[in-house]
């Protein structure tokens, strides 16, 4: 990515963010989390699996995974090799299986098998960093602690001049200042939708981009 220009004032970035969100809500009125889930545990599992993997692939794996292991207790008790085999196609399956089993055991031991609605507690669960925790807190509990910063969000937010860093933790702090709190959850979905449709990393469709006038790092 070309070098970004220096960040504009916080007031200007906030104004631009509101305008960007309004445009994206018009373009993607039905934006939502693309990971299929029925409860907080299933979303936690799906989000852990989504690391270095497409949401589409995760959604192909999770239905049979949850049939085989319906509850955290089933993940906790299963031979690790069985979990590995069930999630193999998502990539990095050994580390992910270890995280899933560790998460299940941590929830059983510390939280009665339930996913906590609390960032400080959730980030201590194996496999659940701030990004994963914010996904679960926002989608299931409607209580995000900040903006979810994945690859699309980090890249496009920098192009829009809302952030000036590739570090997801620092980018989240900057976005939390810029994005209205009531939009923290949907901002990520909207930006992901925009990234998949228009602002693709390798071949952005700048001529078709409704956000082009806000872009400070143009292809």
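Values in this text are rule-based calculations from the coordinates and carry no lab data. Computed from a predicted structure; not experimentally measured. Note that each Cβ is placed from the backbone with ideal geometry, even for glycine, and that neighbours are counted across all protein chains shown.
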Item to check | Sorted by Cβ neighbour density within 10 Å, fewest at the top, the residues 30, 55 | outcome: 30, 55
Checklist entry - To the nearest 500 deg cm²/dmol, what mean residue ellipticity at 222 nm is calculated for the chain from DSSP H runs of n ≥ 4 alone, each contributing -39,500 (n - 2.57), summed and divided by the residues? => result -17000 deg cm²/dmol
Checklist entry - Could you give the distance between the Cα centres of segment 133-157 and segment 19-63, to the whole Å? => result 10
Checklist entry - Fully extended, how many nm does the chain gain between residue 64 and residue 95 (0.36 nm per residue separation, minus their Cα-Cα distance)? => result 9.2 nm
Checklist outcome for this item: In this structure, the FRET efficiency calculated for residue 54 and residue 81 from their beta-carbon separation, with R0 = 25 Å, to the nearest 0.05, is 0.55
Checklist outcome for this item: Mean 1/r over distinct Cα pairs of segment 40-139, inverted to a Kirkwood Rh in Å, yields 13.2
Item to check | the chain - percent relative contact order, Cα under 8 Å, separation 6 or more | outcome: 26
Checklist entry - What's the angle, to the nearest 10 degrees (0 to 90), between helix 55-68's Cα axis and the longest principal axis of the chain? => result 20
Item to check | Rounded tilt (10° steps) of 10-27 against the dominant C-alpha axis of the chain | outcome: 70
Item to check | Spin-label pair residue 169/residue 15, simplified geometry with 7 Å Cα→Cβ offset, distance in nm | outcome: 3.4
Next on the checklist: Could you give the length gained by full extension between residue 208 and residue 74, i.e. 0.36 nm per residue of separation minus their alpha carbon distance, to one decimal place?
Outcome noted: 43.5 nm
Next on the checklist: Angle check, please: helix 168-178 long axis (alpha carbons) against the longest principal axis of the chain (alpha carbons), in degrees 0 to 90, nearest 10.
Outcome noted: 50
